Amino acid sequence: MRFAIGLATLLFPASAALAVVAFSNASAAAGDVPSYTQPGGTGVTTGDDVKLTARDVTARLFKAAPGSRPDLQELNLARLDLAELDFKSADLDGADLYGTDLSRAKLAGASFVGARLDSTTITATDFSGADLTDARILRPTVFTTLEVAASEAPKFTGAKLVRFRSDGWLERADFSGADLTDAILGRSAVREPSVNAPASLSSANFTRAILKDAKLSGTSIKYASFVGADLSGANLRGADLTHANFSGANVAGADFTGANLDEADLRGARGLDQAIGLASATNYDRAQRDPVP
């Protein structure tokens with residue numbers, strides 16, 4: 001029997017619910033930002049669509065012709081145990097995977113355009129090269145204990161994550177080479193910050209990733225690698241960037257207002273003269289920078 005601990009649930013007791021609801025009501029003008037407390041905010045399918053079983057999904061994957069993509073588009077796969085399955089680059093566009101166990105599943109090359117993966121278990125899940133454009137993974141369970149094990153972090157290497165949204169505890173996750181244009185990660189992904197507070201990208205790997213106009217404000221991104229990444233126009237306001245590595249990254253137009261840059265490595269970063277808010281960033285004087293000529 002699998003035992004996975006949802007860190008957000010552990011860290012925030014049910015007594016905080018009333019405060020969350022109050023905040024949500026005050027945020028009615030928040031546009032399309034998802035809410036945990038509003039109807040439809042979790043991505044749960046409520047229609048009369050056919051609900052597949054785990055055996056049905058396994059059969060479809062097994063019967064797929066070699067070289068073809070199993071068709072699982074817009075299906076209700078909520079709360080199924082699909083752990084360790086090889087999805088053979090399946091097409092899951094628009095699918096509902098709310099609460100599904102995808103731990104150690106092989107999802108490399110799969111397509112999740114517009115899919116909902118809220119409350120999924122993504123322990124050691126491989127999304128390498130997958131297309132998660134307009135998909136979202138809110139409040140996922142990642143680690144099986146309170147210890148952050150690198151072997152359990154999901155992989156998004158080379159994935160397409162355009163306008164992707166997640167508030168997960170994604171410490172040590174691998175986003176190297178991924179396209180995160182306009183993505184929203186961390187505390188900004190939903191309306192209720194008290195519920196969303198556990199979000200973390202500490203020690204995540206964004207090496208050579210594209211983060212143009214991405215929003216990572218107010219999130220812990222300590223020790224993360226942005227080596228050679230494109231952060232032009234990214235929103236890093238109030239983020240904790242302690243010891244983050246920006247060597248060779250393009251930070252033109254990136255907003256560092258109120259961010260903590262203690263011991264961050266900005267040597268070789270491009271576009272620093274076009275970055276926003278460095279003067280008001282915390283501990284900017286302690287960041288590692290190229291010597292002034």
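Which of the residues belonging to the range 105-118 are surrounded by fewer than 23 Cβ atoms within 10 Å (Cβ to Cβ) and of a type in the set (S, T, N, Q)?
None; the set is empty.
Take the conditions closer than 30 Å to Gly271 by Cβ and basic (Lys, Arg) and apply them to Arg104. Does it pass?
no
Conditions (1) over 15 Å from Gly168 (Cα atoms); (2) among the aromatic types (Phe, Trp, Tyr), marked per residue:
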residue: Ala199; (1), (2): no, no
residue: Ser217; (1), (2): no, no
residue: Phe226; (1), (2): yes, yes
residue: Leu236; (1), (2): yes, no
residue: Thr242; (1), (2): yes, no
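Those residues that are assigned to a loop (DSSP other than H, G, I, E, B), of a type in the set (S, T, N, Q), over 14 Å from Leu132 (Cα atoms) and at pLDDT 95 or above, I need them from the range 65-101; list them, please.
Once the filter is applied, which keeps residues that are assigned to a loop (DSSP other than H, G, I, E, B), of a type in the set (S, T, N, Q), over 14 Å from Leu132 (Cα atoms) and at pLDDT 95 or above, the range 65-101 yields only Thr100.
Keeping to the range 260-281, report how many residues are small (Gly, Ala, Ser) and at positive phi.
3
So, in the range 227-280, exactly how many residues are surrounded by 22 or more Cβ atoms within 10 Å (Cβ to Cβ) and β-branched (Val, Ile, Thr)?
Number of matching residues: 1.
Suppose the filter is out of contact with any strand residue (DSSP E or B) (no Cβ under 6 Å at 6 or more places or on another chain), surrounded by fewer than 17 Cβ atoms within 10 Å (Cβ to Cβ) and at pLDDT below 95; does Ala26 pass it?
Answer is yes for this residue.
When the residues of the range 186-205 are narrowed to those that are at pLDDT 95 or above and surrounded by 22 or more Cβ atoms within 10 Å (Cβ to Cβ), which ends up nearest to Arg139 (Cα to Cα)?
Across the range 186-205, the extreme among qualifying residues is Leu201.
Can you tell which of Gly253, Gly277, Gly248, Gly258 is modelled with pLDDT of 95 or more and under 22 Å from Pro293 (Cα atoms)?
Gly248
Checking the structure you have, find out if any residue of the range 139-157 is more than 26 Å from Phe62 (Cβ to Cβ), within 12 Å of the chain's Cα centre (by Cα), of a type in the set (Asp, Glu) and part of a loop (DSSP other than H, G, I, E, B).
no
Which residues, taken from the range 119-139, are of a type outside the set (Ser, Thr, Tyr) and either surrounded by fewer than 24 Cβ atoms within 10 Å (Cβ to Cβ) or touching a residue at least 40 places away in the same chain (Cβ under 8 Å) (or both)?
Answer for the range 119-139, where residues must be of a type outside the set (Ser, Thr, Tyr) and either surrounded by fewer than 24 Cβ atoms within 10 Å (Cβ to Cβ) or touching a residue at least 40 places away in the same chain (Cβ under 8 Å) (or both): Ile122, Ala124, Asp126, Gly129, Asp131, Asp134, Arg136, Leu138, Arg139.
The values are calculated or read from the model by the stated rules, or taken from the named source; none is laboratory data. Nothing here was measured: the structure is a model prediction, and the numbers come from that model. Reconstructed Cβ throughout: ideal geometry from the backbone, glycine too, with neighbour counts over all protein chains shown.
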